[in-house]
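> Below you'll find the structure I mean.
The values are calculated or read from the model by the stated rules, or taken from the named source; none is laboratory data. The shown structure was predicted, so the numbers you read here are calculated from the model rather than taken from an experiment. Note that we place each Cβ from the backbone using ideal geometry, even for glycine, and neighbour counts take in every protein chain shown. Accessible surface areas use protein heavy atoms only, side chains included; no ligands, DNA or RNA. Shrake-Rupley method; radii C 1.70, N 1.55, O 1.52, S 1.80 Å.
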Amino acid sequence: MAASSFAISSLSCSSFKPNQAYLKTSSLSIKGISFPSLRLKPASRRFSINCAAKPETVDKVCEIVKKQLALPGDKVVNGESKFTALGADSLDTVEIVMGLEEAFGITVEEENAQTIATVQDAADLIEELVAKK
């Protein structure tokens with residue numbers, strides 16, 4: 001069976017909208033027989049994976065960071081806390097990583113250490129390294 005024609009009756013892309021189909025309707029004609037118009041649905045969301053560390057790991061990392069930076073007890077440190085926002089310079093960050101290695105019995109490679117910017121980054125990396133042991 002050969003298709004004699006394929007016509008697109010409407011193509012809309014006047015304004016960009018993420019996750020939305022732009023081909024609104026189409027009709028298909030095979031050997032003079034027309035088939036009803038088709039309507040495409042918006043694209044579904046992409047599959048995502050959440051690799052958040054356990055709360056206990058995040059809490060332990062927070063304690064180590066507070067200790068290494070000699071932060072006051074009332075200073076709030078959580079997973080979103082950035083080392084630089086807490087006052088850490090590059091030497092402080094190295095000392096934090098060394099404290100984490102000692103506390104968790106892991107070794108953090110230099111290229112991995114350079115990717116750590118937040119408490120959550122550190123906790124996620126720790127769990128990944130512990131799982132590989």
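> Please go through the range 52-76 and give me each residue that is among the hydrophobic types (A, V, I, L, M, F, W, C), within 24 Å of Ala131 (Cβ to Cβ) and free of Cβ contacts under 8 Å to residues at least 60 places away in the same chain, ordered by number. Steps first, answer last, please.
Narrowing the range 52-76 to residues among the hydrophobic types (A, V, I, L, M, F, W, C): 52-53, 58, 61-62, 64-65, 69-71, 76.
After this cut, where a residue has to be within 24 Å of Ala131 (Cβ to Cβ) as well, the list is 52-53, 58, 61-62, 64-65.
Result: Cys62, Ile64, Val65.
> Moving on to the next point. Checking the condition more than 18 Å from Thr57 (Cα to Cα) and assigned to a loop (DSSP other than H, G, I, E, B), which residue from Leu91, Leu86 passes? Reasoning before the result, please.
On the way: Leu91 fails: assigned to a loop (DSSP other than H, G, I, E, B).
On inspection, the qualifying residue turns out to be Leu86.
> Identify all residues within the range 82-105 that are open to solvent by less than 30 Å² (accessible area, probe 1.4 Å) and among the aromatic types (Phe, Trp, Tyr); write none if there are none.
Phe83
> Tell me which residues, restricted to the range 72-81, are of a type in the set (Gly, Ala, Ser) and either open to solvent by 60 Å² or more (accessible area, probe 1.4 Å) or outside any loop (DSSP other than H, G, I, E, B) (or both). Spell out the reasoning first.
Initially, the range 72-81 is screened for residues of a type in the set (Gly, Ala, Ser), giving 73, 79, 81.
Within the range 72-81, just Gly73 meets the criteria.
> Now for a separate question. Among the residues of the range 119-133, how many are touching a Gly at 6+ places or on another chain (Cβ under 7 Å) and open to solvent by 20 Å² or more (accessible area, probe 1.4 Å)?
Number satisfying all stated conditions: 1.
> Given the structure, is Val108 part of a helix (DSSP H, G or I) and crowded, with 17+ Cβ neighbours inside 10 Å? Full working, then the answer.
Numbers: part of a helix (DSSP H, G or I): no; crowded, with 17+ Cβ neighbours inside 10 Å: yes.
No.
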